[in-house]
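What follows is a set of notes on a single structure, which appears directly below.
The values are calculated or read from the model by the stated rules, or taken from the named source; none is laboratory data. Everything numeric here is computed off the predicted structure, so don't read it as measured data. Cβ placement follows ideal geometry from the backbone for every residue including glycine, while neighbour counts extend to all protein chains displayed. Note: areas computed on protein heavy atoms with side chains; ligands, DNA, RNA excluded. Shrake-Rupley method; radii C 1.70, N 1.55, O 1.52, S 1.80 Å.
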Amino acid sequence: MEIRAATVLPARREPIELHTADGLTLVGELAQPLDRPPVATLVTLHPLPTHGGFMDSHVYKKAANRLPALADLAVLRFNTRGTSSERGTSQGAFDGGEGERFDVAAALEYAEFHDLPHVWVVGWSFGTELTLKWAHDPLVEGAILLSPPLHRATDDDLDAWARFGRPLVALVPEFDDYLRPDEARKRFARVPQAEVIGVDGAKHLWVGEPYVRIVLDEIVKRVNPAAWPLPTDV
């Protein structure tokens, strides 16, 4: 069977709640391999909620639908404060990336408390800003950035990640609306361990199954290389 955009492969999927240090309850989902423990974990941070981003943004939904079965990964998705999806609405209100520091911390604390292994953070657009600003936690083994705009995240945040020392991979669309590959390479040059990958033909939202496959493949290549490259059929 060819893996298509709507393919949902077997996994253990459970609704979860995250509890922030400032007293909010956030809703989410954890997807894990069906009959074995995960090899590694993705904590996903979604695009800008004021522009339609949420835990079900399509790349993350497809990651949860496929990667537990294809790559033995746990995929943790959640709605940041004030964000709604089919799963429900997280308490609180959008705070421009500042109060969301508590949301990131709550997701990482959940992963640690539940003994989820080898945590990598995957941020997309606004989620890349949250990653660079708030995800340098000792639990985190590395981060993957999808379409980083580098608006809220400053050179100071990049310098902090450089000091943090963990791997940083940025997937930058050729036709991104905010930051394109050549400029991204200049901006990320201050992070010695950063790798910038330009993706020909792609746009900010990674629309189209070929681009989703590139993103998921690059994630798996870093997080569980034994499962790379991902199959196109099951």
Worksheet item: How do the pairs read when you match residues in segment 221-234 that are open to solvent by 80 Å² or more (accessible area, probe 1.4 Å) with residues anywhere that are among the basic types (Lys, Arg) and outside any loop (DSSP other than H, G, I, E, B), using Cβ under 7 Å and keeping only pairs 6 or more apart or on different chains?
Response: Trp228/Lys221
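Answer yes if at least one residue in segment 24-32 is over 21 Å from Ala143 (Cα atoms) and crowded, with 24+ Cβ neighbours inside 10 Å, and no otherwise.
Taking segment 24-32 first, the residues over 21 Å from Ala143 (Cα atoms) are 24-27.
This time we only want the ones that are crowded, with 24+ Cβ neighbours inside 10 Å, so: 26.
Yes, segment 24-32 contains a residue that is over 21 Å from Ala143 (Cα atoms) and crowded, with 24+ Cβ neighbours inside 10 Å.
Table: residues versus (1) of a type in the set (Gly, Ala, Ser); (2) more than 19 Å from Arg13 (Cα to Cα).
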{"site": "Asp56", "(1), (2)": "no, no"}
{"site": "Arg66", "(1), (2)": "no, no"}
{"site": "Leu73", "(1), (2)": "no, no"}
{"site": "Ser85", "(1), (2)": "yes, no"}
{"site": "Ala93", "(1), (2)": "yes, yes"}
{"site": "Gly99", "(1), (2)": "yes, yes"}
Worksheet item: Residues of segment 164-179 being touching a Pro at 6+ places or on another chain (Cβ under 7 Å) and surrounded by fewer than 19 Cβ atoms within 10 Å (Cβ to Cβ), which ones?
Response: Glu174, Tyr178
Practice prompt. Kindly check whether there is at least one residue in segment 193-206 that is of a type in the set (A, V, I, L, M), surrounded by 18 or more Cβ atoms within 10 Å (Cβ to Cβ) and within 20 Å of Met1 (Cβ to Cβ).
Written response: no
Discussion item. If I filter segment 119-134 down to residues being without any contact (Cβ under 8 Å) to a residue 40 or more places away in the chain and under 14 Å from Phe164 (Cβ atoms), which single residue comes out as most open to solvent (accessible area, probe 1.4 Å)?
Written reply: Trp134
Response to the item:
Here the qualifying pairs (Cβ atoms under 8 Å; residues six or more apart or on different chains; first in segment 148-163 and on the phi > 0 side of the Ramachandran plot and buried (at least 19 other Cβ atoms within 10 Å of the Cβ); second of a type outside the set (A, V, I, L, M) and not in a helix (DSSP H, G or I)) come out as Leu150/Tyr178
Worksheet item: Being open to solvent by 20 Å² or more (accessible area, probe 1.4 Å), at positive phi and touching a Ser or Thr at 6+ places or on another chain (Cβ under 8 Å), is that true of even one residue in segment 33-55?
Response: no
